[in-house]
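Asks: For reference, the structure I am asking about is given below.
The values are calculated or read from the model by the stated rules, or taken from the named source; none is laboratory data. Since this is a predicted model, take the numbers as computed values, not measurements. A quick note on method: Cβ atoms are made from the backbone with ideal geometry, for glycine too, and the neighbour counts reach across all protein chains shown. Calculation scope for accessible area: heavy atoms of the full protein, side chains included, ligands and nucleic acids excluded. Shrake-Rupley method; radii C 1.70, N 1.55, O 1.52, S 1.80 Å.
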Amino acid sequence: MAKELTSRSENYSQWYNDLVVKADLADNSAVRGCMVIKPYGYAIWEKMQAELDRMFKETGHVNAYFPLFIPKSFFSKEASHVEGFAKECAVVTHYRLMNDPNGKGIIVDPDAKLEEELIVRPTSETIIWSTYKTWIQSYRDLPILVNQWANVVRWEMRTRLFLRTTEFLWQEGHTAHATSQEALEETERMVNVYATFAEKFMAMPVIMGAKSANERFAGAVETYTIEALMQDGKALQSGTSHFLGQNFAKAFDVRFATKEGTEEFVWATSWGASTRLMGALIMAHSDDNGLVLPPKLAPFQVVIVPIYKQEEQLLAISEKVESIVSKLKSLGISVKYDNNDNKKPGWKFAEYELKGVPVRIAIGPRDLENGTVEVARRDTLEKQVVSMEGIELFVQKLLNDIQENIYNKAFAFRKEMTTPVETYEEFKDVLQNKGGFISAHWDGTSETEQKIKDETKATIRCIPFDQIPEEGKCVYSGNPSKGRVLFALSY
RNA sequence: CGGGGUGUAGUACAGUUGGUAGUAUGCCUGGUUUGGGACCAGGAGGUCGUCGGUUCGAGUCCGGCCACCCCGACCA
(Lines give C-alpha, C1' and ligand atoms only; values in the text may rest on other atoms or scores of the structure.)
Protein backbone atom coordinates (compact mmCIF):
# COMPACT_ATOMS: atom_id res chain seq x y z
CA MET A 1 0.00 0.00 0.00
CA ALA A 2 1.22 3.44 -0.88
CA LYS A 3 2.52 5.75 1.78
CA GLU A 4 0.75 8.86 0.58
CA LEU A 5 2.38 12.19 1.15
CA THR A 6 0.30 15.29 1.45
CA SER A 7 1.31 17.51 -1.45
CA ARG A 8 3.20 20.71 -0.81
CA SER A 9 0.59 22.88 -2.45
CA GLU A 10 -2.21 21.33 -0.45
CA ASN A 11 -0.61 21.86 2.95
CA TYR A 12 3.08 22.57 3.17
CA SER A 13 3.27 22.05 6.89
CA GLN A 14 1.48 18.73 6.69
CA TRP A 15 3.73 17.70 3.82
CA TYR A 16 6.77 18.35 5.97
CA ASN A 17 5.44 16.35 8.90
CA ASP A 18 4.37 13.47 6.68
CA LEU A 19 7.71 13.42 4.98
CA VAL A 20 9.74 13.34 8.17
CA VAL A 21 7.69 10.45 9.50
CA LYS A 22 7.22 8.47 6.31
CA ALA A 23 10.80 8.73 5.16
CA ASP A 24 11.76 7.23 8.51
CA LEU A 25 13.74 10.23 9.65
CA ALA A 26 12.12 10.85 13.01
CA ASP A 27 8.98 10.38 15.02
CA ASN A 28 7.22 12.07 17.85
CA SER A 29 7.97 10.38 21.12
CA ALA A 30 6.11 9.68 24.31
CA VAL A 31 7.64 12.88 25.68
CA ARG A 32 5.98 16.12 24.70
CA GLY A 33 8.01 18.05 22.18
CA CYS A 34 10.81 15.50 22.03
CA MET A 35 11.51 13.37 19.00
CA VAL A 36 13.01 10.01 18.33
CA ILE A 37 15.55 10.35 15.55
CA LYS A 38 15.35 7.10 13.63
CA PRO A 39 18.36 5.34 12.12
CA TYR A 40 17.88 6.72 8.62
CA GLY A 41 17.52 10.27 9.90
CA TYR A 42 20.36 9.85 12.32
CA ALA A 43 22.59 8.59 9.51
CA ILE A 44 22.10 11.92 7.73
CA TRP A 45 22.86 13.79 10.93
CA GLU A 46 26.03 11.73 11.36
CA LYS A 47 27.12 12.72 7.86
CA MET A 48 26.57 16.35 8.76
CA GLN A 49 28.39 15.95 12.03
CA ALA A 50 31.34 14.24 10.41
CA GLU A 51 31.81 16.99 7.87
CA LEU A 52 31.32 19.86 10.30
CA ASP A 53 33.64 18.21 12.77
CA ARG A 54 36.28 17.88 10.09
CA MET A 55 35.88 21.55 9.19
CA PHE A 56 36.11 22.64 12.83
CA LYS A 57 39.30 20.68 13.31
CA GLU A 58 40.73 22.04 10.11
CA THR A 59 40.22 25.53 11.51
CA GLY A 60 42.13 24.63 14.67
CA HIS A 61 39.39 23.57 17.06
CA VAL A 62 39.30 20.64 19.45
CA ASN A 63 36.38 18.85 21.04
CA ALA A 64 35.61 18.69 24.75
CA TYR A 65 32.58 18.00 26.87
CA PHE A 66 30.93 19.99 29.64
CA PRO A 67 28.11 19.00 32.01
CA LEU A 68 24.46 18.77 31.10
CA PHE A 69 23.51 20.51 34.35
CA ILE A 70 24.26 24.07 35.25
CA PRO A 71 23.89 25.50 38.77
CA LYS A 72 21.05 27.97 38.77
CA SER A 73 23.21 30.76 40.15
CA PHE A 74 25.42 30.71 37.05
CA PHE A 75 22.54 31.95 35.00
CA SER A 76 22.05 35.16 36.88
CA LYS A 77 25.58 36.31 36.18
CA GLU A 78 25.02 37.65 32.69
CA ALA A 79 21.92 39.82 32.71
CA SER A 80 20.76 39.71 29.10
CA HIS A 81 21.65 36.03 28.84
CA VAL A 82 19.37 35.02 31.69
CA GLU A 83 16.64 37.21 30.31
CA GLY A 84 16.88 35.44 26.99
CA PHE A 85 16.72 31.93 28.34
CA ALA A 86 14.92 32.09 31.69
CA LYS A 87 11.51 31.43 30.21
CA GLU A 88 12.44 28.13 28.62
CA CYS A 89 14.55 26.25 31.11
CA ALA A 90 14.00 22.77 32.51
CA VAL A 91 14.95 22.72 36.19
CA VAL A 92 16.11 19.79 38.29
CA THR A 93 14.90 20.19 41.85
CA HIS A 94 15.19 16.68 43.34
CA TYR A 95 17.47 13.71 43.02
CA ARG A 96 15.45 10.75 44.28
CA LEU A 97 12.13 8.95 43.87
CA MET A 98 10.27 6.79 46.35
CA ASN A 99 7.25 4.51 46.52
CA ASP A 100 4.09 6.44 47.17
CA PRO A 101 3.25 5.70 50.82
CA ASN A 102 -0.44 6.30 50.05
CA GLY A 103 -0.74 3.69 47.34
CA LYS A 104 0.54 2.75 43.96
CA GLY A 105 3.19 4.37 41.87
CA ILE A 106 6.21 6.43 42.73
CA ILE A 107 6.60 10.01 43.82
CA VAL A 108 9.43 12.48 44.12
CA ASP A 109 11.01 12.07 47.54
CA PRO A 110 10.38 15.41 49.24
CA ASP A 111 13.45 14.86 51.39
CA ALA A 112 15.66 14.71 48.33
CA LYS A 113 15.41 18.36 47.44
CA LEU A 114 18.55 19.92 45.99
CA GLU A 115 19.99 22.85 47.88
CA GLU A 116 20.66 24.62 44.63
CA GLU A 117 18.53 23.70 41.66
CA LEU A 118 20.23 22.60 38.48
CA ILE A 119 19.30 23.90 35.06
CA VAL A 120 19.38 21.54 32.13
CA ARG A 121 21.58 23.48 29.72
CA PRO A 122 19.77 25.48 27.07
CA THR A 123 23.28 26.50 25.92
CA SER A 124 26.61 26.22 27.69
CA GLU A 125 28.18 29.66 27.85
CA THR A 126 27.82 29.89 31.62
CA ILE A 127 29.18 26.50 32.61
CA ILE A 128 31.98 26.85 30.11
CA TRP A 129 33.02 30.34 31.16
CA SER A 130 32.97 29.36 34.80
CA THR A 131 35.39 26.62 33.76
CA TYR A 132 37.51 28.88 31.56
CA LYS A 133 38.17 30.99 34.62
CA THR A 134 40.31 28.13 35.90
CA TRP A 135 41.99 27.53 32.54
CA ILE A 136 43.08 31.05 31.78
CA GLN A 137 45.66 33.13 33.60
CA SER A 138 48.00 34.38 30.94
CA TYR A 139 47.95 35.41 27.31
CA ARG A 140 49.94 32.21 26.85
CA ASP A 141 46.77 30.24 27.68
CA LEU A 142 44.97 31.84 24.75
CA PRO A 143 43.33 31.27 22.45
CA ILE A 144 41.08 28.45 23.58
CA LEU A 145 39.30 26.91 20.62
CA VAL A 146 36.87 24.35 21.93
CA ASN A 147 33.80 22.77 20.46
CA GLN A 148 31.36 20.36 22.02
CA TRP A 149 28.76 18.05 20.51
CA ALA A 150 25.86 17.91 22.89
CA ASN A 151 22.17 17.89 23.53
CA VAL A 152 20.42 20.92 24.95
CA VAL A 153 16.94 21.59 26.24
CA ARG A 154 14.79 24.60 25.56
CA TRP A 155 11.25 24.39 26.85
CA GLU A 156 9.58 25.82 23.79
CA MET A 157 5.86 26.34 23.81
CA ARG A 158 5.38 24.82 20.42
CA THR A 159 7.55 22.26 18.72
CA ARG A 160 8.03 20.76 15.26
CA LEU A 161 10.10 17.76 14.27
CA PHE A 162 13.70 18.89 13.71
CA LEU A 163 12.78 22.56 13.36
CA ARG A 164 12.07 23.13 17.00
CA THR A 165 12.13 20.36 19.57
CA THR A 166 12.36 20.57 23.33
CA GLU A 167 15.58 18.62 23.34
CA PHE A 168 17.83 18.94 20.34
CA LEU A 169 21.31 17.92 19.28
CA TRP A 170 23.87 20.46 18.24
CA GLN A 171 27.42 21.54 18.45
CA GLU A 172 28.50 24.65 20.27
CA GLY A 173 31.89 26.20 19.85
CA HIS A 174 33.21 28.38 22.66
CA THR A 175 36.39 30.26 22.09
CA ALA A 176 38.46 32.62 24.21
CA HIS A 177 40.80 35.23 22.80
CA ALA A 178 43.26 37.87 23.90
CA THR A 179 41.94 40.58 21.63
CA SER A 180 38.67 41.84 20.31
CA GLN A 181 40.08 41.70 16.81
CA GLU A 182 40.95 38.05 17.11
CA ALA A 183 37.54 37.13 18.50
CA LEU A 184 35.81 39.02 15.72
CA GLU A 185 37.89 37.19 13.14
CA GLU A 186 36.90 33.90 14.76
CA THR A 187 33.23 34.85 14.70
CA GLU A 188 33.50 35.57 11.02
CA ARG A 189 35.56 32.48 10.28
CA MET A 190 32.91 30.23 11.78
CA VAL A 191 29.95 31.77 10.03
CA ASN A 192 31.92 31.18 6.87
CA VAL A 193 32.42 27.55 7.82
CA TYR A 194 28.66 27.20 8.20
CA ALA A 195 28.01 28.86 4.88
CA THR A 196 30.51 26.64 3.12
CA PHE A 197 28.99 23.58 4.70
CA ALA A 198 25.46 24.60 3.75
CA GLU A 199 26.36 25.32 0.17
CA LYS A 200 28.89 22.61 -0.58
CA PHE A 201 27.32 19.75 1.33
CA MET A 202 23.68 20.56 1.86
CA ALA A 203 23.49 22.12 -1.61
CA MET A 204 21.58 24.90 0.08
CA PRO A 205 22.41 28.50 -0.79
CA VAL A 206 22.54 30.78 2.22
CA ILE A 207 22.92 34.45 2.87
CA MET A 208 25.51 35.48 5.40
CA GLY A 209 25.01 38.55 7.42
CA ALA A 210 24.68 40.22 10.79
CA LYS A 211 21.61 40.08 12.97
CA SER A 212 19.88 43.28 13.99
CA ALA A 213 19.92 44.10 17.69
CA ASN A 214 16.43 42.65 18.13
CA GLU A 215 17.39 39.28 16.74
CA ARG A 216 20.79 39.03 18.39
CA PHE A 217 21.72 36.16 20.71
CA ALA A 218 21.11 36.86 24.39
CA GLY A 219 24.47 38.06 25.71
CA ALA A 220 26.12 38.70 22.36
CA VAL A 221 27.60 41.95 21.09
CA GLU A 222 27.21 40.81 17.50
CA THR A 223 25.50 37.81 15.93
CA TYR A 224 26.31 36.54 12.46
CA THR A 225 23.95 34.15 10.75
CA ILE A 226 23.37 32.07 7.68
CA GLU A 227 19.83 32.35 6.38
CA ALA A 228 18.29 29.88 3.97
CA LEU A 229 15.03 30.12 2.10
CA MET A 230 12.57 27.26 2.26
CA GLN A 231 10.22 26.26 -0.54
CA ASP A 232 7.23 27.86 1.15
CA GLY A 233 8.96 31.21 1.07
CA LYS A 234 9.89 31.32 4.73
CA ALA A 235 13.42 31.87 5.94
CA LEU A 236 15.27 29.48 8.20
CA GLN A 237 18.16 30.52 10.37
CA SER A 238 20.57 27.67 9.88
CA GLY A 239 23.64 28.53 11.90
CA THR A 240 24.84 31.38 14.05
CA SER A 241 28.17 32.71 15.22
CA HIS A 242 28.34 35.19 18.07
CA PHE A 243 30.89 37.75 19.08
CA LEU A 244 30.36 37.91 22.83
CA GLY A 245 32.78 40.71 23.55
CA GLN A 246 33.89 40.58 27.18
CA ASN A 247 30.39 39.98 28.51
CA PHE A 248 30.93 36.47 29.76
CA ALA A 249 34.49 37.12 30.87
CA LYS A 250 33.18 39.91 33.04
CA ALA A 251 30.27 37.86 34.33
CA PHE A 252 32.59 35.02 35.34
CA ASP A 253 35.62 37.17 36.09
CA VAL A 254 37.91 35.62 33.53
CA ARG A 255 41.02 37.81 33.22
CA PHE A 256 44.45 37.22 31.81
CA ALA A 257 47.87 38.81 32.15
CA THR A 258 48.99 40.43 28.91
CA LYS A 259 52.51 40.38 27.51
CA GLU A 260 52.85 43.91 28.77
CA GLY A 261 51.96 42.88 32.29
CA THR A 262 48.53 44.46 32.41
CA GLU A 263 45.40 42.51 33.26
CA GLU A 264 42.45 42.28 30.88
CA PHE A 265 39.17 40.49 30.42
CA VAL A 266 39.10 37.72 27.84
CA TRP A 267 37.24 38.09 24.54
CA ALA A 268 34.77 35.43 23.56
CA THR A 269 32.84 33.85 20.73
CA SER A 270 30.30 31.08 20.53
CA TRP A 271 28.80 29.43 17.48
CA GLY A 272 26.35 26.66 16.90
CA ALA A 273 24.35 24.61 14.45
CA SER A 274 21.76 22.04 15.37
CA THR A 275 19.54 19.21 14.18
CA ARG A 276 17.46 22.02 12.77
CA LEU A 277 19.79 21.68 9.79
CA MET A 278 17.92 18.45 9.12
CA GLY A 279 14.74 20.44 8.76
CA ALA A 280 16.48 22.83 6.42
CA LEU A 281 17.83 19.99 4.34
CA ILE A 282 14.43 18.35 4.06
CA MET A 283 12.61 21.52 3.08
CA ALA A 284 15.25 22.86 0.74
CA HIS A 285 15.07 20.14 -1.90
CA SER A 286 12.32 17.62 -1.36
CA ASP A 287 9.24 17.22 -3.53
CA ASP A 288 5.82 15.59 -3.46
CA ASN A 289 7.37 12.17 -4.05
CA GLY A 290 9.47 12.47 -0.96
CA LEU A 291 12.91 13.39 0.19
CA VAL A 292 15.58 14.64 -2.18
CA LEU A 293 19.00 14.30 -0.61
CA PRO A 294 22.23 15.86 -1.81
CA PRO A 295 24.61 13.01 -2.66
CA LYS A 296 27.19 14.32 -0.20
CA LEU A 297 24.88 13.76 2.76
CA ALA A 298 22.87 10.73 1.67
CA PRO A 299 23.32 7.73 3.98
CA PHE A 300 23.81 5.75 0.80
CA GLN A 301 24.18 7.38 -2.57
CA VAL A 302 23.18 4.50 -4.77
CA VAL A 303 20.67 1.74 -4.34
CA ILE A 304 20.68 -1.30 -6.59
CA VAL A 305 17.43 -3.15 -7.16
CA PRO A 306 17.49 -6.57 -8.81
CA ILE A 307 14.60 -7.65 -11.01
CA TYR A 308 14.23 -11.37 -11.44
CA LYS A 309 11.85 -14.24 -11.78
CA GLN A 310 13.72 -17.27 -10.60
CA GLU A 311 16.39 -17.86 -8.07
CA GLU A 312 18.98 -18.57 -10.80
CA GLN A 313 18.31 -15.16 -12.29
CA LEU A 314 18.90 -13.50 -8.96
CA LEU A 315 22.19 -15.34 -8.66
CA ALA A 316 23.29 -14.17 -12.09
CA ILE A 317 22.26 -10.62 -11.27
CA SER A 318 23.92 -10.67 -7.87
CA GLU A 319 27.15 -11.72 -9.50
CA LYS A 320 27.06 -8.67 -11.79
CA VAL A 321 25.98 -6.43 -8.93
CA GLU A 322 28.89 -7.57 -6.84
CA SER A 323 31.34 -6.23 -9.36
CA ILE A 324 29.39 -3.00 -9.77
CA VAL A 325 29.34 -2.52 -6.01
CA SER A 326 33.05 -3.00 -5.68
CA LYS A 327 33.77 -0.62 -8.54
CA LEU A 328 31.52 2.03 -7.00
CA LYS A 329 33.06 1.56 -3.59
CA SER A 330 36.54 1.94 -5.03
CA LEU A 331 35.48 5.43 -6.08
CA GLY A 332 34.20 6.17 -2.59
CA ILE A 333 30.57 5.86 -3.56
CA SER A 334 28.29 4.36 -0.94
CA VAL A 335 25.87 1.78 -2.23
CA LYS A 336 23.16 -0.47 -0.95
CA TYR A 337 22.18 -3.65 -2.75
CA ASP A 338 18.59 -4.38 -1.87
CA ASN A 339 18.07 -8.05 -2.68
CA ASN A 340 15.30 -8.39 -0.11
CA ASP A 341 12.89 -10.91 -1.61
CA ASN A 342 9.90 -9.73 0.40
CA LYS A 343 9.32 -6.60 -1.64
CA LYS A 344 8.67 -6.23 -5.29
CA PRO A 345 10.79 -3.88 -7.41
CA GLY A 346 7.95 -1.39 -7.73
CA TRP A 347 7.65 -1.14 -4.00
CA LYS A 348 11.37 -0.58 -3.67
CA PHE A 349 11.38 2.12 -6.35
CA ALA A 350 8.73 4.08 -4.50
CA GLU A 351 10.35 3.53 -1.14
CA TYR A 352 13.78 4.76 -2.19
CA GLU A 353 12.27 7.76 -3.89
CA LEU A 354 10.51 8.58 -0.65
CA LYS A 355 13.82 8.26 1.14
CA GLY A 356 15.65 10.45 -1.32
CA VAL A 357 18.37 8.07 -2.45
CA PRO A 358 20.13 10.07 -5.19
CA VAL A 359 20.70 7.29 -7.71
CA ARG A 360 18.89 4.04 -8.28
CA ILE A 361 20.20 1.27 -10.46
CA ALA A 362 17.83 -1.45 -11.60
CA ILE A 363 19.16 -4.58 -13.18
CA GLY A 364 17.10 -7.40 -14.65
CA PRO A 365 17.25 -10.21 -17.22
CA ARG A 366 16.97 -7.76 -20.09
CA ASP A 367 20.05 -5.96 -18.80
CA LEU A 368 21.97 -9.18 -18.35
CA GLU A 369 21.34 -9.92 -22.00
CA ASN A 370 22.36 -6.46 -23.19
CA GLY A 371 25.10 -5.70 -20.69
CA THR A 372 23.21 -2.67 -19.43
CA VAL A 373 21.52 -1.29 -16.32
CA GLU A 374 18.73 1.20 -15.80
CA VAL A 375 19.86 4.29 -13.94
CA ALA A 376 17.34 6.66 -12.36
CA ARG A 377 18.19 9.96 -10.71
CA ARG A 378 16.09 11.15 -7.82
CA ASP A 379 16.27 14.89 -8.41
CA THR A 380 14.67 14.86 -11.86
CA LEU A 381 13.23 11.32 -11.77
CA GLU A 382 14.80 10.72 -15.19
CA LYS A 383 15.67 7.18 -16.18
CA GLN A 384 18.09 5.91 -18.76
CA VAL A 385 19.59 2.64 -19.81
CA VAL A 386 23.38 2.69 -19.80
CA SER A 387 26.12 0.20 -20.42
CA MET A 388 27.37 -1.77 -17.46
CA GLU A 389 30.85 -1.08 -18.76
CA GLY A 390 32.18 2.02 -17.00
CA ILE A 391 29.03 2.35 -14.94
CA GLU A 392 31.03 3.53 -11.94
CA LEU A 393 32.30 6.59 -13.78
CA PHE A 394 28.85 7.31 -15.10
CA VAL A 395 27.43 7.19 -11.59
CA GLN A 396 30.23 9.28 -10.18
CA LYS A 397 29.53 12.00 -12.69
CA LEU A 398 25.80 11.68 -12.13
CA LEU A 399 26.20 12.16 -8.38
CA ASN A 400 28.17 15.32 -9.01
CA ASP A 401 25.53 16.50 -11.44
CA ILE A 402 22.78 15.91 -8.91
CA GLN A 403 24.63 17.73 -6.16
CA GLU A 404 25.13 20.66 -8.51
CA ASN A 405 21.66 20.55 -9.96
CA ILE A 406 19.80 20.70 -6.68
CA TYR A 407 22.02 23.56 -5.55
CA ASN A 408 21.33 25.45 -8.76
CA LYS A 409 17.65 24.81 -8.45
CA ALA A 410 17.57 26.11 -4.89
CA PHE A 411 19.69 29.07 -5.90
CA ALA A 412 17.39 29.97 -8.77
CA PHE A 413 14.42 29.67 -6.46
CA ARG A 414 15.95 32.00 -3.93
CA LYS A 415 16.84 34.49 -6.63
CA GLU A 416 13.28 34.41 -7.91
CA MET A 417 11.99 34.77 -4.37
CA THR A 418 14.13 37.73 -3.37
CA THR A 419 12.28 40.92 -4.09
CA PRO A 420 13.45 44.48 -3.71
CA VAL A 421 10.68 46.81 -2.56
CA GLU A 422 10.54 50.58 -2.15
CA THR A 423 7.33 51.20 -0.22
CA TYR A 424 5.63 49.69 2.78
CA GLU A 425 2.56 48.91 0.67
CA GLU A 426 4.74 46.95 -1.70
CA PHE A 427 6.43 45.31 1.26
CA LYS A 428 3.16 44.03 2.65
CA ASP A 429 1.92 43.00 -0.76
CA VAL A 430 4.99 40.92 -1.53
CA LEU A 431 5.02 39.42 1.92
CA GLN A 432 1.44 38.31 1.65
CA ASN A 433 1.23 37.26 -1.99
CA LYS A 434 4.71 36.05 -2.82
CA GLY A 435 6.79 35.48 0.28
CA GLY A 436 10.52 34.98 0.22
CA PHE A 437 13.19 37.50 1.06
CA ILE A 438 12.29 41.14 0.82
CA SER A 439 15.17 43.48 0.24
CA ALA A 440 14.31 46.86 1.69
CA HIS A 441 15.77 49.97 3.21
CA TRP A 442 15.60 50.21 6.98
CA ASP A 443 16.43 53.13 9.22
CA GLY A 444 18.49 50.97 11.56
CA THR A 445 16.30 51.37 14.62
CA SER A 446 14.88 48.63 16.81
CA GLU A 447 11.58 50.50 17.02
CA THR A 448 11.00 50.33 13.30
CA GLU A 449 11.91 46.67 13.16
CA GLN A 450 9.58 45.92 16.05
CA LYS A 451 6.71 47.77 14.47
CA ILE A 452 7.15 45.96 11.19
CA LYS A 453 7.21 42.68 13.09
CA ASP A 454 4.07 43.54 15.03
CA GLU A 455 2.23 44.55 11.90
CA THR A 456 3.41 41.88 9.47
CA LYS A 457 5.25 39.17 11.49
CA ALA A 458 8.25 39.70 9.21
CA THR A 459 11.64 40.18 10.83
CA ILE A 460 15.02 41.25 9.60
CA ARG A 461 16.75 38.01 8.80
CA CYS A 462 20.08 39.69 8.36
CA ILE A 463 22.04 42.66 7.23
CA PRO A 464 23.93 40.92 4.44
CA PHE A 465 27.72 41.01 4.45
CA ASP A 466 27.59 41.82 0.76
CA GLN A 467 25.19 44.69 1.28
CA ILE A 468 25.70 47.32 -1.37
CA PRO A 469 26.06 50.82 0.08
CA GLU A 470 23.11 52.73 -1.29
CA GLU A 471 21.36 55.85 -0.12
CA GLY A 472 17.68 55.27 0.42
CA LYS A 473 14.67 55.82 2.58
CA CYS A 474 13.42 53.39 5.22
CA VAL A 475 10.46 51.53 3.84
CA TYR A 476 8.57 52.08 7.09
CA SER A 477 9.65 55.39 8.60
CA GLY A 478 10.99 57.17 5.53
CA ASN A 479 14.14 58.05 7.45
CA PRO A 480 17.47 57.83 5.67
CA SER A 481 19.08 54.41 5.16
CA LYS A 482 22.51 53.45 3.92
CA GLY A 483 21.63 50.06 2.50
CA ARG A 484 19.11 47.28 2.12
CA VAL A 485 18.47 44.52 4.61
CA LEU A 486 16.59 41.26 4.15
CA PHE A 487 13.19 40.79 5.69
CA ALA A 488 11.17 37.57 5.71
CA LEU A 489 8.75 35.46 7.62
CA SER A 490 10.77 32.82 9.35
CA TYR A 491 10.66 29.50 11.10
C1' C B 1 -0.91 29.93 27.95
C1' G B 2 -5.36 30.50 24.56
C1' G B 3 -8.13 27.93 20.38
C1' G B 4 -9.07 23.28 17.80
C1' G B 5 -8.48 17.96 17.42
C1' U B 6 -7.35 12.93 18.73
C1' G B 7 -6.80 8.71 22.20
C1' U B 8 -9.93 1.39 19.86
C1' A B 9 -4.62 -4.65 17.20
C1' G B 10 2.42 -2.80 15.42
C1' U B 11 0.40 1.42 12.17
C1' A B 12 -3.83 4.15 9.97
C1' C B 13 -8.86 4.24 10.87
C1' A B 14 -14.44 2.51 11.33
C1' G B 15 -17.73 1.26 15.11
C1' U B 16 -25.38 3.13 13.77
C1' U B 17 -31.05 3.80 18.53
C1' G B 18 -26.15 1.35 24.45
C1' G B 19 -26.34 -5.59 23.53
C1' U B 20 -20.02 -7.97 24.69
C1' A B 21 -15.24 -5.17 18.73
C1' G B 22 -14.27 -4.64 12.99
C1' U B 23 -11.72 -2.93 8.08
C1' A B 24 -7.19 -1.84 5.69
C1' U B 25 -2.18 -2.33 6.07
C1' G B 26 1.74 -4.63 8.64
C1' C B 27 3.24 -9.38 11.10
C1' C B 28 3.61 -15.23 11.04
C1' U B 29 2.89 -20.14 7.73
C1' G B 30 2.55 -22.19 2.88
C1' G B 31 2.21 -21.48 -2.35
C1' U B 32 2.19 -18.55 -6.87
C1' U B 33 4.66 -13.94 -8.27
C1' U B 34 8.77 -10.01 -9.33
C1' G B 35 10.88 -4.03 -15.42
C1' G B 36 6.71 1.29 -10.86
C1' G B 37 3.87 0.28 -4.20
C1' A B 38 1.60 -8.33 -6.43
C1' C B 39 -1.99 -12.36 -5.31
C1' C B 40 -4.35 -16.72 -2.98
C1' A B 41 -5.18 -19.69 1.39
C1' G B 42 -4.55 -20.19 6.57
C1' G B 43 -3.05 -17.84 11.34
C1' A B 44 -1.58 -14.73 15.59
C1' G B 45 -2.58 -10.05 17.63
C1' G B 46 -7.22 -5.46 21.52
C1' U B 47 -8.10 -5.08 30.13
C1' C B 48 -11.31 0.35 23.51
C1' G B 49 -6.02 6.59 27.36
C1' U B 50 -7.43 6.81 32.69
C1' C B 51 -10.66 7.31 37.06
C1' G B 52 -15.57 7.61 38.44
C1' G B 53 -21.04 7.85 37.34
C1' U B 54 -25.83 6.27 34.84
C1' U B 55 -27.61 1.22 33.32
C1' C B 56 -29.58 -5.56 33.72
C1' G B 57 -25.64 -4.24 30.20
C1' A B 58 -20.95 1.20 28.20
C1' G B 59 -15.92 1.59 22.90
C1' U B 60 -20.79 4.11 22.60
C1' C B 61 -24.25 8.32 27.37
C1' C B 62 -22.46 11.86 31.59
C1' G B 63 -18.41 14.03 34.66
C1' G B 64 -13.29 14.51 36.23
C1' C B 65 -8.25 13.68 35.04
C1' C B 66 -4.04 12.49 31.79
C1' A B 67 -1.42 12.32 27.27
C1' C B 68 -0.22 13.52 22.41
C1' C B 69 -1.02 16.24 17.74
C1' C B 70 -2.43 20.74 14.98
C1' C B 71 -3.17 26.41 14.81
C1' G B 72 -1.43 31.08 17.47
C1' A B 73 1.76 34.06 21.18
C1' C B 74 7.74 32.73 22.69
C1' C B 75 12.24 30.89 20.31
C1' A B 76 17.43 27.97 17.12
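Asks: Quick check on this structure: which one of A:THR196, A:THR223, A:THR262 is in contact with a strand residue (DSSP E or B) (Cβ under 7 Å, 6 or more places away or on another chain) and modelled with pLDDT of 95 or more?
Replies: A:THR223
Asks: Can I ask one more? Looking only at helices (runs of 4 or more DSSP H) that lie completely in segment A:300-412, which have at least 1 residues being more than 9 Å from RNA strand B (Cβ to nearest atom) and open to solvent by less than 70 Å² (accessible area, probe 1.4 Å)?
Replies: A:311-330
Asks: Continuing with this model, one more query. Please go through (1) aliphatic (A, V, I, L, M); (2) open to solvent by 20 Å² or more (accessible area, probe 1.4 Å); (3) outside any loop (DSSP other than H, G, I, E, B); (4) farther than 18 Å from A:GLN237 by Cα for A:ILE452 and return the number of the only condition it doesn't satisfy.
Replies: (2)
Asks: I'd like the residue in segment A:273-299 that is open to solvent by 10 Å² or more (accessible area, probe 1.4 Å) and among the small types (Gly, Ala, Ser) and, out of all such residues, is farthest from RNA strand B (Cβ to nearest atom).
Replies: Taking the candidates together, the pick is A:ALA284.
Asks: Quick check on this structure: which one of A:PHE256, A:PHE248, A:PHE217 is in contact (Cβ under 8 Å) with a residue 60 or more places away in the chain, more than 15 Å from RNA strand B (Cβ to nearest atom), under 24 Å from A:SER446 (Cβ atoms) and more than 15 Å from the chain's Cα centre (by Cα)?
Replies: A:PHE248 is the lone residue from the list that is in contact (Cβ under 8 Å) with a residue 60 or more places away in the chain, more than 15 Å from RNA strand B (Cβ to nearest atom), under 24 Å from A:SER446 (Cβ atoms) and more than 15 Å from the chain's Cα centre (by Cα).
Asks: Would you check which residues across segment A:164-214 are over 13 Å from the mean Cα position of the chain (by Cα), small (Gly, Ala, Ser), farther than 30 Å from A:GLN450 by Cα and not in a strand (DSSP E or B) and list them?
Replies: Result: A:ALA178, single match.
Asks: How about segment A:471-491: which of its residues are assigned to a strand (DSSP E or B) and not hydrophobic (A, V, I, L, M, F, W, C)?
Replies: A:GLY472, A:LYS473, A:PRO480, A:SER481, A:ARG484, A:SER490
Asks: Continuing with the same structure: Of all residues in segment A:122-175, how many are open to solvent by 10 Å² or more (accessible area, probe 1.4 Å), among the polar types (S, T, N, Q) and either away from RNA strand B (no atom under 14 Å from the Cβ) or closer than 18 Å to A:LEU52 by Cα (or both)?
Replies: Adding up the residues that qualify gives 6.
Asks: Out of the residues in segment A:1-40 that are in contact (Cβ under 8 Å) with a residue 24 or more places away in the chain and among the β-branched types (Val, Ile, Thr), state the one that is nearest to RNA strand B (Cβ to nearest atom).
Replies: Among those residues, the one meeting the criterion is A:VAL31.
Asks: Scan (1) within 14 Å of RNA strand B (Cβ to nearest atom); (2) open to solvent by less than 50 Å² (accessible area, probe 1.4 Å) for the single condition A:ALA178 breaks and write down its number.
Replies: Failing condition for A:ALA178: (1).
Asks: State yes or no: is A:ILE463 touching a residue at least 12 places away in the same chain (Cβ under 8 Å), open to solvent by 70 Å² or more (accessible area, probe 1.4 Å) and β-branched (Val, Ile, Thr)?
Replies: Here the answer is no, as A:ILE463 does not meet what is asked.
Asks: Answer yes if at least one residue in segment A:409-424 is at pLDDT below 95, acidic (Asp, Glu) and farther than 30 Å from A:MET202 by Cβ, and no otherwise.
Replies: No, segment A:409-424 has no match at all.
Asks: For A:ILE70, which of the numbered conditions (1) more than 15 Å from RNA strand B (Cβ to nearest atom); (2) open to solvent by 50 Å² or more (accessible area, probe 1.4 Å) fails to hold?
Replies: For A:ILE70, the failing item is (2).
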